[in-house]
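Every read-out reported here was derived from the displayed coordinates using simple, explicitly stated rules and does not represent laboratory data. Since this is a predicted model, take the numbers as computed values, not measurements. As a convention, Cβ positions derive from the backbone with ideal geometry for all residues, glycine included, and neighbour counts pool all protein chains shown.
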Amino acid sequence: LKQTETSVVASIAHVRERVKDARQKARSIGFVPTMGALHAGHRSLIEKARQDCRFVVVSIFVNPLQFDRKDDLERYPRTFEEDFTLCGSAGADLVFTPFSAELYPAEQAAFVDVPTLTEHLCGAFRPGHFRGVATVVLKLFQIVQPDRAYFGQKDAQQLAIIRRMVQDLNVPVDVVAVPTVRESDGLALSSRNKHLSTEQRQIAPALSRALFAAVEHIKRDERSARVIRDSALESLGRYPEIKPEYFELVDPQTLAPVEQVGGAVLIAGALWLGSTRLIDNVLYSGQ
Ligand code: PAF
């Protein structure tokens, strides 16, 4: 159970001190990396960490290295007061909010690349994005040195890349995946939903509907990824406001596209509604 009040630190040295102290008290360390603008999806990550671990660290850092577009970085929502309240009520012990200069005191020269897993899905459309994610997550793992780290299934490609990085680089962290939290109409929670106009917000659940319809399509014995994909794109095409980016059926581990559905498959989509990009996915378990 929670032992202390939630506190906030901005320096690496202070995080290390607090984590060292928790370790000396034989507390397991849970870690939830975030970019802030926290919502119920983040809450479920923090609550899961709280259930599993005796000391919970949340980082809030809008990582410039993972933004492929300057306007996206600039307009990324920053809501620190609310974030801090949510961290406290969800059970975090420590919130780490470094300034950019703390994590990147000089131009970064060493990077983490996981090229085979970045070829498809978002990786094909956001050059350098996952390199920025993997690099900052490894840096944060080195700073916090958690036993377990929690990531949302909503960012399925990010999750697969982090799992692979941890495996290939022997990082001593258990990566825990937490299910996507959805609004009652199916829209996956995302910090970017804040940018949607009232009209766009009404249209946005079309993506999750197309994903769940694809699962039903498979359950009705359709095996051709092309047929499933075309029917999803057709349903999204009914909304002139939607600009689909991709809709793919891929292997859940390698993220390579599948042509015929044989077993488990990850169905993932991305689309634009005006200047807001939404992503979502569902996992078909093969049964
Ligand atoms: O999922 C996110 O919010 C970010 O990509 C992460 C993992 C915090 C790295 O900046």
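Would you mind counting up the charge near residue 212? Only other residues with Cβ under 11 Å from its Cβ, with Lys and Arg at +1 and Asp and Glu at -1. Kindly include the intermediate steps, with their values, before the conclusion.
Working: positive: 182, 209, 219; negative: 216, 280.
Net local charge, residue 212 excluded: +1.
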Inset, instruction - With no solvent and one equal point scatterer per Cα, compute the Debye intensity ratio I(q)/I(0) for the chain at 0.07, 0.12, 0.14, 0.15 Å⁻¹ and report its log10, rounded to two decimals. - result: -0.27, -0.79, -1.06, -1.20
Legend entry - Alpha-carbon Rg with Dmax, taken over region 48-168, Å: 14.9, 39
Inset, instruction - Assign unit charges at the C-beta atoms only (+1 for Lys and Arg, -1 for Asp and Glu), then state the dipole size of region 115-243 relative to its Cα centre in Debye, rounded to the nearest 20. - result: 160 debye
Inset, instruction - Just rank 148, 126, fewest to most, by other beta-carbon atoms within 10 angstrom. - result: 148, 126
Legend entry - Cross-link reach list, lysines versus residue 70, counting only Cα pairs under 26 Å and skipping chain neighbours closer than eight places: 139, 154, 194, 243
Legend entry - Computed [θ] at 222 nm, helices only, for the chain once each DSSP H run of length n ≥ 4 contributes -39500 (n - 2.57): -11500 deg cm²/dmol
Inset, instruction - Using a 10 angstrom cutoff on alpha carbons, build the Gaussian network for the chain and name the most mobile of 146, 240, 252. - result: 240
Inset, instruction - Evaluate Rg over Rh across region 149-189, taking Cα atoms for both radii and Kirkwood's formula for Rh. - result: 1.11
Inset, instruction - Kindly express, to the nearest 10 degrees and within the range 0 to 90, the angle between helix 40-52's C-alpha long axis and the longest C-alpha principal axis of the chain. - result: 50 degrees
Legend entry - P(r) of region 91-246 over all Cα-Cα pairs, binned every 5 Å from zero, in whole percent: 1, 7, 13, 15, 18, 16, 12, 9, 6, 2, 0
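Once you order the gyration tensor axes a ≥ b ≥ c over the Cα atoms, which shape class does region 157-229 get: rounded for a/c under 1.5, otherwise prolate or oblate by comparing a/b with b/c?
Numbers: a/c = 2.78, a/b = 1.30, b/c = 2.13.
Oblate shape, in that a/c is at least 1.5 and b/c is the bigger or equal ratio.
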Inset, instruction - Show the residues, 5+ positions off or on another chain, whose built amide H is closer than 5 Å to the amide H of residue 56. - result: 30, 93, 94
Inset, instruction - Using only Cα atoms, locate the centre of region 66-90 and the centre of region 208-287, then give the distance between them in Å, rounded to an integer. - result: 28 Å
Legend entry - DSSP bridge orientation in the chain - percent antiparallel, rounded to nearest 5: 50 percent
Inset, instruction - Go through region 160-174 residue by residue and turn each phi into a ³J(HN,Hα) via Karplus (6.51, -1.76, 1.60, θ = phi - 60°); whole Hz please, and just put x for glycine and proline. - result: 4, 5, 5, 4, 5, 4, 4, 5, 6, 9, 6, 7, x, 9, 8
Legend entry - In order through region 153-158: 3J(HN,Hα) via Karplus (6.51 cos²θ - 1.76 cosθ + 1.60), integer Hz, x for Gly, Pro: 5, 4, 9, 5, 6, 4
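Can you compute the charge dipole magnitude of region 41-145 about its Cα centre, using +1 on each Lys and Arg Cβ and -1 on each Asp and Glu Cβ, nothing else charged? Give it in debye, rounded to the nearest 20. Don't jump to the answer; show the numbers that get you there.
Numbers: 11 positive and 14 negative charges, 34 e Å.
In total the dipole reaches around 160 debye.
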Inset, instruction - Using the Karplus curve 6.51 cos²θ - 1.76 cosθ + 1.60 with θ = phi - 60°, work out ³J(HN,Hα) for each residue of region 123-128 in order, rounded to whole Hz, and write x for Gly and Pro. - result: x, 6, 10, 10, x, x
Inset, instruction - Using only the alpha carbons, work out the radius of gyration and Dmax of region 177-282 in angstrom. - result: 13.6, 40
